[in-house]
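Beneath this line is the structure, given in structure tokens, with notes to follow.
The values are calculated or read from the model by the stated rules, or taken from the named source; none is laboratory data. Treat the numbers as computed from the prediction; the structure is a model and nothing was measured. Cβ: placed from backbone, ideal geometry, glycine included. Neighbour counts: every protein chain shown. Heads up: the accessible areas ignore ligands, DNA and RNA and are worked out on the full protein's heavy atoms, side chains in. Shrake-Rupley method; radii C 1.70, N 1.55, O 1.52, S 1.80 Å.
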Amino acid sequence: MNSIFSAVKALFRALIFAPCIFLFVSSYGYSIDLELIFLAEGENHSENLGFFVQSPGDLDQDGYSEVFAMNISSEIKVFRGGNPADTLPDKIYYSYGGRIAWLPDINDDGTGDFAIGKEDAENEYIEFYFGGPGFYEKSKADLTIVGNKSEGFGITIFSSVTNNDNSRDLVIAAPNTSSPIAGRFYIYQGCSDLDSIGDDTITIARTERDDFYTGTCVGDINGDQYADYAITPYSGAVPSYILIFWGSENPDSIPDMQIASPFEDAPGIGAFGYDIIATGDINKDNIDDFIVTSEGFPPCIFYGGNPFNPTPKILEYPGKVANVCGDINHDGWEDIAVGFVSYSFGSGEVLVYLAHMIWIPSLI
């Protein structure tokens, strides 16, 4: 009989005057002790540093993961990892609306990549920086993809195997297309074929009830080797819900599953599907997972499976901002950051904690 280990989580809490950030460390068979390793403060009382926090992993291949922290002005401040970690930002990126994404290797060079959304007077566009040594010394993007500004091009950016060819493709969502079309997913073939020209499009039709508030490619969540897609049809729906579209050789615009909110909507709280976050395979079962957030309720983790189980793992603390933040403590497991934002105070602080593993004997 296989050993069954206790699944243990520990709370990494950032004491921030404006946003409150919670970091959940995932482990398997271990208990966790916490040690504060660095604190980075906002420059003034209106910066709101920590409005968004994420780690893209080790983009420059120096052996340490970095921490990206965004302020209210959508400046992305990079704190490079190290021993000790740096408490002053080493680089600042400027984004449009805080649209950034950490992408698994999309150009087939063995290193993760980074995308940041921007805009000019006529277009919205996405800059891609391919990971590798000297990453933070780059003065310009390695690839730029331009989209229609009226479509909300780049609301989410993700990479996944979309067509069963074992190569990661790039999927970009655009939710603001004109009626009768609710939104589109633009697909760009990855690896050596990656360029700025789209190779395929998935169109989501608008209906009387369903729209396209936000959406993303959530990876292969049902284990059939094709990427799947999830959208929040309408931000004000009561009760709130999300729609799932299974990928295939020829994906269509007809939803295959509706997942209702596990919470009871009420004035000011609810909105299940405020955000849908593709996390990749966080529980190491070779099937992708994803997170759905709400207003005033805890995030929900949906673990992929064959068949897919629509019952979520509900975290303990509320937060409408959540994402995988890399392996912060280098224990081999991806960690999850959750943000709960309060606008009542001033400058923010970002606190990152290191987890120490303590062995728990297995249960037979």
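For beta carbons closer than 6 Å, sequence separation of 6+ or different chains, a first residue in the range 58-82 that is among the β-branched types (Val, Ile, Thr) and a second that is in a strand (DSSP E or B) and open to solvent by 30 Å² or more (accessible area, probe 1.4 Å), the qualifying pairs are 78/91. Out of 167, 159, 192, one residue alone is in a strand (DSSP E or B), modelled with pLDDT under 90 and farther than 30 Å from residue 265 by Cα. It is 159. Restricting the range 154-171 to residues that are farther than 15 Å from residue 248 by Cβ and touching a Lys or Arg at 6+ places or on another chain (Cβ under 9 Å) leaves a set whose member that is surrounded by the most Cβ atoms within 10 Å (Cβ to Cβ) is 159. Restricting the search to strands (runs of 3 or more DSSP E) fully inside the range 214-316 and requiring at least 2 residues that are of a type in the set (S, T, N, Q) and surrounded by 23 or more Cβ atoms within 10 Å (Cβ to Cβ) gives 289-295. Residues that are open to solvent by less than 20 Å² (accessible area, probe 1.4 Å), farther than 21 Å from residue 150 by Cβ, at pLDDT 85 or above and out of contact with any His (no Cβ under 8 Å at 6 or more places or on another chain): does the range 87-99 have at least one? Yes; the residues of the range 87-99 include at least one that is open to solvent by less than 20 Å² (accessible area, probe 1.4 Å), farther than 21 Å from residue 150 by Cβ, at pLDDT 85 or above and out of contact with any His (no Cβ under 8 Å at 6 or more places or on another chain). Of the residues examined, residue 201 is one that is of a type outside the set (Gly, Ala, Ser) and modelled with pLDDT of 80 or more.
May I ask you to verify whether residue 81 is of a type outside the set (Val, Ile, Thr), surrounded by 22 or more Cβ atoms within 10 Å (Cβ to Cβ) and in a loop (DSSP other than H, G, I, E, B)? Yes.
Given the structure, is residue 108 touching a residue at least 60 places away in the same chain (Cβ under 8 Å), open to solvent by 60 Å² or more (accessible area, probe 1.4 Å) and under 29 Å from residue 190 (Cβ atoms)? Yes. Scanning the range 52-77 for residues that are closer than 18 Å to residue 111 by Cα and over 15 Å from the mean Cα position of the chain (by Cα) gives 58, 59, 60, 61, 62, 63, 64, 65, 66.
Would you confirm whether or not the range 112-135 contains a residue that is under 21 Å from residue 171 (Cβ atoms), of a type in the set (Ser, Thr, Tyr) and not in a strand (DSSP E or B)? No - not one qualifying residue is present in the range 112-135. Every condition in (1) without any contact (Cβ under 8 Å) to a residue 40 or more places away in the chain; (2) in contact with a Leu (Cβ under 9 Å, 6 or more places away or on another chain) holds for residue 151 except the one numbered (2).
Return the pair list, or none, for Cβ contacts closer than 8 Å from residues in the range 244-266 that are within 22 Å of residue 293 (Cβ to Cβ) to residues that are exposed (fewer than 14 other Cβ atoms within 10 Å of the Cβ) and of a type in the set (D, E, K, R), at least 6 apart or on different chains. These pairs meet every condition: 245/252.
Looking only at the range 172-202, residues that are surrounded by 17 or more Cβ atoms within 10 Å (Cβ to Cβ), within 22 Å of residue 130 (Cβ to Cβ) and of a type outside the set (A, V, I, L, M, F, W, C) come to 4 in all. Among the residues of the range 112-148, the one identified as of a type in the set (Lys, Arg) and either under 22 Å from the mean Cα position of the chain (by Cα) or crowded, with 21+ Cβ neighbours inside 10 Å (or both) is 118.
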